[in-house]
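The values are calculated or read from the model by the stated rules, or taken from the named source; none is laboratory data. All values derive from a computational prediction rather than experimental measurement. Counting neighbours? That spans all protein chains shown, and the Cβs are built from the backbone with ideal geometry, glycine included. Please note that ligands, DNA and RNA were not included when accessible areas were found on the heavy atoms of the full protein model with its side chains. Shrake-Rupley method; radii C 1.70, N 1.55, O 1.52, S 1.80 Å.
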Amino acid sequence: MSRVHRFAFGVMLGALALAAGATKMDGPAPDAVFDLRIKKLESELRCLVCQNQTLADSNADLADDLRREVRGLARAGKSDDEIKAYLVARYGDFVLYNPPVKSTTWLLWSGPFGLLAGGALMWWIILRRRQKSQLAAAAPDPDAEARARARLDKDDDESVSAG
Amino acid sequence: MKATRWSIPLAIFVILMAFLYIGLNRDPREVPSPLLDKPAPAFVLSQLHDPASKLTNADLKGKVWLLNVWASWCVSCRVEHPLLMQLAASNIVPVYGLDYKDKPDAGRAWLAQNGNPYTLSAVDLDGRVGIDYGVYGVPETFLIDKQGIVRYKQIGPLTVESLQQKILPLVRELQK
């Protein structure tokens, strides 16, 4: 190894050590918790420009601004609910991916459960109807039984009178 | 009992069609503004043509005015621009501009080239006032009454219909 090489190697080692030290210092700082919170919050908010994307996923300019705003509010100590209220006051409930339960949204919230209940009811009715028809097919016709009994009774009467 | 066999699916079909038909005529891009009938958010911004002076909505109390959000980079602003020029020439209602997230130089150049319909324009450099007004698609136009209450919001370019059928009748009523 020449002197130049040795020097270069030393510089590289030094740089590596510095880099390692730097990452160690960054480590699991409270910032990570904050970032996680912001990420979760942004994934619950809608980007208004590309409406089927969350704020977290969107690259739109406005989404950038709104992310900055969300971060700023969170840094200022606002709670998640306060941040959401801030955006709702400006853009309406539409920014929330989870719309609040209100008189205008009850159908949205109860609809799927209503459909599920309707489906269950239909299923039950069809099952019962099928069961009934199967029972009816298996069991002797009550009318036939009555006719048979009537005929038997008649035979009995005849035999008695004959005897 | 026989009637229910087809009447239930038919009822479901009719309801579904009704929902889909209503959905067909709605524009999902038009988000209803929660600002309607609420006080217009306060702003203090530098004027486009005189950055040392400020424009604030408090100065405009007592008159009916339009706030038009525009930018030199905004393509659909070119569509509504002739209408704004006509509106400004008619002197029916003053139009104030909000130059949204624009370089002031570019904004001034754009107005010099295309004509300036605005009584005054304010510069919203970082778009924060835009956020306060719930702006998500430039151009947008707000009609604000004498008490500073937002009475109407147009999302997207102004059209002859929106002006004649909604904005101008409202302006006349509010000016009384």
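Taking the criterion of being under 21 Å from residue B:111 (Cβ atoms), out of contact with any Asp or Glu (no Cβ under 6 Å at 6 or more places or on another chain) and small (Gly, Ala, Ser), the residues of region B:37-82 that qualify are B:46, B:52, B:53, B:76. Residues in region B:70-77 include at least one that is away from chain A (no Cβ under 14 Å) and in contact with a His (Cβ under 9 Å, 6 or more places away or on another chain). Among the residues of region A:94-106, the one identified as surrounded by fewer than 18 Cβ atoms within 10 Å (Cβ to Cβ), touching a Lys or Arg at 6+ places or on another chain (Cβ under 8 Å) and within 13 Å of chain B (Cβ to nearest Cβ) is A:96. Residues that are touching a Phe, Trp or Tyr at 6+ places or on another chain (Cβ under 8 Å), under 30 Å from residue B:176 (Cβ atoms) and of a type in the set (Phe, Trp, Tyr) are absent from region B:98-105.
Any idea which residue in region A:70-92 is nearest to residue A:47 (Cα to Cα), counting only those that are of a type outside the set (A, V, I, L, M, F, W, C), in contact (Cβ under 8 Å) with a residue 12 or more places away in the chain and facing chain B (nearest Cβ under 10 Å)? If we take residues in region A:70-92 being of a type outside the set (A, V, I, L, M, F, W, C), in contact (Cβ under 8 Å) with a residue 12 or more places away in the chain and facing chain B (nearest Cβ under 10 Å), then A:91 is nearest to residue A:47 (Cα to Cα). Note on region A:37-63: among residues that are open to solvent by 10 Å² or more (accessible area, probe 1.4 Å), closer than 16 Å to residue A:92 by Cβ and in contact with a helix residue (DSSP H, G or I) (Cβ under 7 Å, 6 or more places away or on another chain), the one that is modelled with the lowest pLDDT is A:49. Which number in (1) more than 14 Å from chain A (Cβ to nearest Cβ); (2) assigned to a strand (DSSP E or B); (3) in contact (Cβ under 8 Å) with a residue 60 or more places away in the chain marks the one condition that residue B:147 misses? If we test residue B:147 against (1) more than 14 Å from chain A (Cβ to nearest Cβ); (2) assigned to a strand (DSSP E or B); (3) in contact (Cβ under 8 Å) with a residue 60 or more places away in the chain, just (2) comes out false. Selection of region A:122-152 for residues being open to solvent by less than 100 Å² (accessible area, probe 1.4 Å) and at pLDDT 85 or above yields A:122, A:125, A:126, A:127, A:133. For region B:120-144, enumerate the residues that are free of Cβ contacts under 8 Å to residues at least 40 places away in the same chain and part of a loop (DSSP other than H, G, I, E, B). Result: B:125, B:126, B:127. Might you check whether a residue that is aliphatic (A, V, I, L, M), more than 21 Å from residue B:71 (Cα to Cα) and in a strand (DSSP E or B) occurs anywhere in region B:155-168? Within region B:155-168 (the criterion being aliphatic (A, V, I, L, M), more than 21 Å from residue B:71 (Cα to Cα) and in a strand (DSSP E or B)), the answer is no, since none of the residues qualifies. The set of residues in region B:93-118 that are within 16 Å of the chain's Cα centre (by Cα) and either among the acidic types (Asp, Glu) or surrounded by fewer than 18 Cβ atoms within 10 Å (Cβ to Cβ) (or both) comprises B:94, B:99. Candidates are the residues of region B:132-144 that are closer than 25 Å to residue B:109 by Cα and within 11 Å of another protein chain (Cβ to nearest Cβ); the one that is modelled with the highest pLDDT is B:135. Residues that are among the aliphatic types (A, V, I, L, M), within 11 Å of chain B (Cβ to nearest Cβ) and either assigned to a helix (DSSP H, G or I) or more than 22 Å from residue B:32 (Cβ to Cβ) (or both) within region A:51-69 comprise A:62, A:63, A:66, listed in sequence order.
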